[in-house]
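Novice: Dropping the structure in here first, questions after.
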Amino acid sequence: MKHFIDTSEKSSKELSKLIERALYFKNTESHPTYPEFSVAHLFYEHSTRTRVSFELAAKKLSMTVINLDPSTSSEQKGEEAQDTIKTLVAMGIRCFVVRHVQEGFPEMLADVCGDRAHIINAGDGTHAHPSQAMLDLMTIVEEKPDLASLKIAVLGNVRHSRVAHSFQLACSLLGVGDLVMVAPEIWQPKTLQYGRVTDSLQEGLMGADVVMCLRVQKERLAGNEHLDLAHYRQAYALTEKHLALAKKDAMVMHPGPVNCGIEIDREVVDGPQSVILRQVQNGVFMRMAIFEHVLGKDVSR
Ligand code: NCD
C-alpha cells in the first residue's frame, strides 16, 4: 500500500514526477477526477494552510472529504486512534491525511491500516512534513529549475523543524548543489540528513539563490533551548539588511505561519523577493499530485 510518510521513502524519480505533475495541474485547466475515493482529515494539531490545502486538493479531484475534529470525536470517550481509523476504513475511506504532535504517529496508523488505506503525513512532531518539502521544491523548480547549481539557505530554528528535516532529504534526492542550514548552535539539527551547517549568517546567506526562513517554534523548545529573542533577531532575523547578503534575485520562502517581527520582517514578507504566497498556492497542486500518487493513479502517465 502506498503511503506518504516522509520524502526519504520515495525515489528521486518519484519526487521529480510529483513536481512535474503538480506544475502540470497548475499550468493546465484540466485535471482528473477520482469521485470513487474518500479521504478523511485527522488533524490532532493546529493547522490552517496545510489542512485547507489538502481539503481543496481533494475537492478539486472530486474526492469525498470528511473532516474529523478529534476534539469532538469518539476519542474524547476514550476510543484509541487505531480504533477510530479502523472504524473509518470499515466505512470505505481509503485515504487519511494525518497531523499529530507525536513523532511516528502516521507510521503507526499505516501499520494499523495494512493494505486497506493510504496514510499521508501532514506533520508529525519534529519528525517530518513531506508535502511541505515537496511544495517548497516545486516553488523553487518553477523559478530556478537547475537545482544542482543552486545555493539554498535554511535559516532559523532548524533543530525543531519537521519541514527542514523532510526538505533536506528531498534536496539530497533531487541533487541540490549547496544546501546550508544557518542557525545558532542550540538550534542546529542534532543529525543532518543532507547539506552543511553554519552559525554564520554571513557565510550562510552570501550568494544564496533561495533563503528559506523558519518559524521560531516556541512550543517545541526545551528549557535550555530558549534564546533571548532580541539577541536572536539582531543576529539571524530575515531583515532587509540581512537579505541583502543573498543574491539580488534570491527567493524568500517561509512555510508559515509567519511571526513577523520575530524571525522575519514585514517588509521582507511583503517584499518583491517573497514567494511565500506562491508556496501556499502551489501547495494545493502538489497535494493533488500526492493524492494521485498514493492512490496509484500516476502509473499510466
Ligand atoms: C509548519 C508546520 O506546521 O510544520 N507549517 C506548515 O505546515 N505550513 C511550520 C511551522 O509550524 O513552523
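The values are calculated or read from the model by the stated rules, or taken from the named source; none is laboratory data. Since this is a predicted model, take the numbers as computed values, not measurements. Neighbour counts are summed over all protein chains in view; Cβ atoms, including those assigned to glycine, are modelled from backbone coordinates with ideal geometry. Just so you know, the surface numbers come from the protein's heavy atoms only, side chains and all, with ligands and any DNA or RNA stripped out. Shrake-Rupley method; radii C 1.70, N 1.55, O 1.52, S 1.80 Å.
Novice: Which residues, taken from segment 259-280, are on the phi < 0 side of the Ramachandran plot, surrounded by fewer than 19 Cβ atoms within 10 Å (Cβ to Cβ), within 16 Å of the ligand (Cβ to nearest atom) and in a loop (DSSP other than H, G, I, E, B)?
Specialist: N259, I262
Novice: Then there is this: Can you name every residue in segment 136-150 that is away from the ligand (no atom under 12 Å from the Cβ), open to solvent by less than 30 Å² (accessible area, probe 1.4 Å), of a type outside the set (A, V, I, L, M, F, W, C) and under 18 Å from the mean Cα position of the chain (by Cα)?
Specialist: Result: T139, single match.
Novice: Of everything in segment 121-130 that's buried (at least 24 other Cβ atoms within 10 Å of the Cβ) and under 15 Å from S8 (Cβ atoms), which residue is nearest to the ligand (Cβ to nearest atom)?
Specialist: Going through the qualifying residues, I end up with H129.
Novice: Can you tell me which residue within segment 1-35, out of those that are open to solvent by less than 40 Å² (accessible area, probe 1.4 Å) and basic (K, R), is nearest to R220 (Cα to Cα)?
Specialist: This residue is K10.
Novice: Another question, then. Can you pull out every residue in segment 19-70 that is under 19 Å from the mean Cα position of the chain (by Cα), assigned to a loop (DSSP other than H, G, I, E, B) and in contact (Cβ under 8 Å) with a residue 40 or more places away in the chain?
Specialist: Y44, E45, S47, T48
Novice: F285 versus (1) open to solvent by less than 20 Å² (accessible area, probe 1.4 Å); (2) within 30 Å of E36 (Cα to Cα); (3) touching a helix residue (DSSP H, G or I) at 6+ places or on another chain (Cβ under 8 Å): which is the lone unmet condition?
Specialist: (1)
Novice: In addition: Scan segment 98-118 residue by residue and report those that are without any contact (Cβ under 8 Å) to a residue 60 or more places away in the chain and either surrounded by fewer than 20 Cβ atoms within 10 Å (Cβ to Cβ) or within 13 Å of L295 (Cβ to Cβ) (or both).
Specialist: V101, Q102, E103, G104, M108, D111, V112
Novice: Within segment 36-86, work out how many residues are open to solvent by 70 Å² or more (accessible area, probe 1.4 Å), within 16 Å of the ligand (Cβ to nearest atom) and within 18 Å of F25 (Cβ to Cβ).
Specialist: Qualifying residue count, segment 36-86: 2.
Novice: Looking at the structure I just gave you, is M138 farther than 20 Å from A208 by Cβ and assigned to a helix (DSSP H, G or I)?
Specialist: It is false that M138 is farther than 20 Å from A208 by Cβ and assigned to a helix (DSSP H, G or I).
Novice: Right, another one. For segment 175-222, list the strands (runs of 3 or more DSSP E) that sit wholly inside it and hold at least 1 residues that are acidic (D, E); which are they?
Specialist: 178-182
Novice: Here are some residues: A153, A133, A164. Which one is closer than 27 Å to I276 by Cβ, open to solvent by less than 10 Å² (accessible area, probe 1.4 Å), assigned to a helix (DSSP H, G or I) and in contact with a helix residue (DSSP H, G or I) (Cβ under 6 Å, 6 or more places away or on another chain)?
Specialist: Within the list A153, A133, A164, the selection yields A133.
Novice: Kindly provide the set of residues from segment 228-254 that are surrounded by 14 or more Cβ atoms within 10 Å (Cβ to Cβ) and away from the ligand (no atom under 16 Å from the Cβ), ordered by number.
Specialist: R233, T239, H242, L243, L245, A246, K247, A250, M251
Novice: In segment 204-227, which residues are open to solvent by less than 20 Å² (accessible area, probe 1.4 Å), more than 14 Å from W187 (Cβ to Cβ) and aliphatic (A, V, I, L, M)?
Specialist: L205, A208, V210, V211, M212
Novice: A further question on this structure: Give segment 151-166 a look and list any residue that's within 24 Å of E20 (Cα to Cα) and within 11 Å of the ligand (Cβ to nearest atom), or say none.
Specialist: Across segment 151-166, the qualifying residues are R162, V163, A164, H165, S166.
Novice: Let me ask something else. Could you please tell me which pairs satisfy a Cβ distance under 6 Å, a separation of 6+ or placement on different chains, a first residue in segment 146-168 that is of a type in the set (D, E, K, R), and a second residue that is not in a loop (DSSP other than H, G, I, E, B)?
Specialist: K151/D178; R159/W187; R162/G123; R162/A128
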